[in-house]
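The values are calculated or read from the model by the stated rules, or taken from the named source; none is laboratory data. None of the values given here were measured: they were computed from a predicted structure. Reconstructed Cβ throughout: ideal geometry from the backbone, glycine too, with neighbour counts over all protein chains shown. Ligands, DNA and RNA are stripped out before the accessible areas are found, and what is left, the full protein with its side chains, is counted by its heavy atoms. Shrake-Rupley method; radii C 1.70, N 1.55, O 1.52, S 1.80 Å.
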Amino acid sequence: MKPISLPRILAYVLSTVAALSILFPFWITVSNALMTEAESAAYPPKLWPSGLHLDNFAQVLNTIPILRFIMNSFVVSSAITIGCLITSCMAAYAFAFLRFPGKRIIFALFLSTMMIPWEVAIIPNYLTIRSWGWLDSYAGLTIPFLATAFGVFLMRQFFLQLPKELMEAARIDGCGHIRIFLRLAIPLSMPGLATLGVYSFLNHWNMYLWPLLVTSSENMRTVQIGVSMLQFSEMTAWNLVMAGLVLVLLPSLVMLALGLGRLVGGLTAGALKG
């Protein structure tokens, strides 16, 4: 058997240390979620709970309507993901295959919006949503995010990788752009769609500032806002806060576990042409 070289051993050690460093905050969250209130407030902090105090999760469910918050976040994230997939695919197909005046300039301007921080546009978006009467509604939470320059760029890169011979053969057979888009481009770009879907869902599941601005009632709050309701001005039970965070993390962890391979592979493939 070939011996392992020293550089490879060092790479494994550094990778292990980096992985443990990333997992440490997650372990602290889970550990505190299973502690009693006294254990979670102890100093120095404890790394292990004395027992599995699962009643913390039941107390969270009785303290705040966290299931309602999870449902709101799921509805909002799913609607944004579906809308982003539709708009990104249609725009990307146009930029990849259609010919129209100023296409390169328009695409460059479109991509330049990725350099504009979200905080710059948040006030105009808020004023627009308020003038349309969409505050504290699903429309206000979803519509500003239905189109993204990143999604268009990613899907365009996937479309450009499709065999040109296949597209030309479809045109010779009499297929128009709509049929090529639905029958060829979309089915052949499923890795890109999965990548964009997972990225969009996780990104908008973790939104905090925008839901905080546009929602005011408990019925429309999302999970990121709802968890903060476990912190009280008089006293904060950190074991309950951590239990709430674990409940909030579960859907996103499941989504990430199911789509991690497609996410990494899709981002890698979409970054290359040819």
Problem set entry | Subset of the stretch 168-216 [open to solvent by 40 Å² or more (accessible area, probe 1.4 Å), in contact (Cβ under 8 Å) with a residue 24 or more places away in the chain and within 23 Å of Pro251 (Cα to Cα)] | Pro191, Tyr199, Asn206, Leu209
Exercise. Considering only the stretch 141-166, how many residues are part of a helix (DSSP H, G or I), of a type outside the set (Lys, Arg) and buried (at least 17 other Cβ atoms within 10 Å of the Cβ)?
Worked result: 14
Exercise. Does the stretch 32-40 include one or more residues that are closer than 27 Å to Val223 by Cβ, of a type outside the set (A, V, I, L, M), in a helix (DSSP H, G or I) and open to solvent by 60 Å² or more (accessible area, probe 1.4 Å)?
Worked result: yes
Exercise. Just checking, how many residues over the stretch 1-46 are of a type in the set (D, E, K, R) and farther than 25 Å from Leu230 by Cβ?
Worked result: 2
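Take the stretch 85-119 and flag every residue that is hydrophobic (A, V, I, L, M, F, W, C) and closer than 26 Å to Leu245 by Cβ. Show your work before the answer.
Pass one, the stretch 85-119, residues hydrophobic (A, V, I, L, M, F, W, C): 85-86, 89-92, 94-98, 100, 105-111, 114-116, 118.
The one that is hydrophobic (A, V, I, L, M, F, W, C) and closer than 26 Å to Leu245 by Cβ: Trp118.
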Exercise. Looking at this structure, is Phe100 more than 19 Å from His204 (Cα to Cα) and open to solvent by 50 Å² or more (accessible area, probe 1.4 Å)?
Worked result: yes
For this session: Filter the stretch 217-226 for residues that are part of a helix (DSSP H, G or I) and either without any contact (Cβ under 8 Å) to a residue 24 or more places away in the chain or among the polar types (S, T, N, Q) (or both) and give the result.
Result: Asn219, Gln224
Exercise. Of (1) surrounded by 10 or more Cβ atoms within 10 Å (Cβ to Cβ); (2) more than 30 Å from Gln161 (Cβ to Cβ), Ala92 satisfies all except one. Which?
Worked result: (2)
Problem set entry | Residue count for the stretch 88-124, restricted to those that are of a type in the set (A, V, I, L, M) and part of a loop (DSSP other than H, G, I, E, B) | 2
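A quick yes/no check of all residues on (1) at pLDDT below 90; (2) exposed (fewer than 15 other Cβ atoms within 10 Å of the Cβ); (3) on the phi > 0 side of the Ramachandran plot:
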site	(1), (2), (3)
Tyr43	yes, yes, no
Gln59	yes, no, no
Asn72	no, no, no
Ile106	no, yes, no
Trp118	yes, yes, no
Exercise. Quick check: anything in the stretch 125-140 at pLDDT 90 or above, assigned to a helix (DSSP H, G or I), touching a helix residue (DSSP H, G or I) at 6+ places or on another chain (Cβ under 6 Å) and open to solvent by less than 40 Å² (accessible area, probe 1.4 Å)?
Worked result: yes
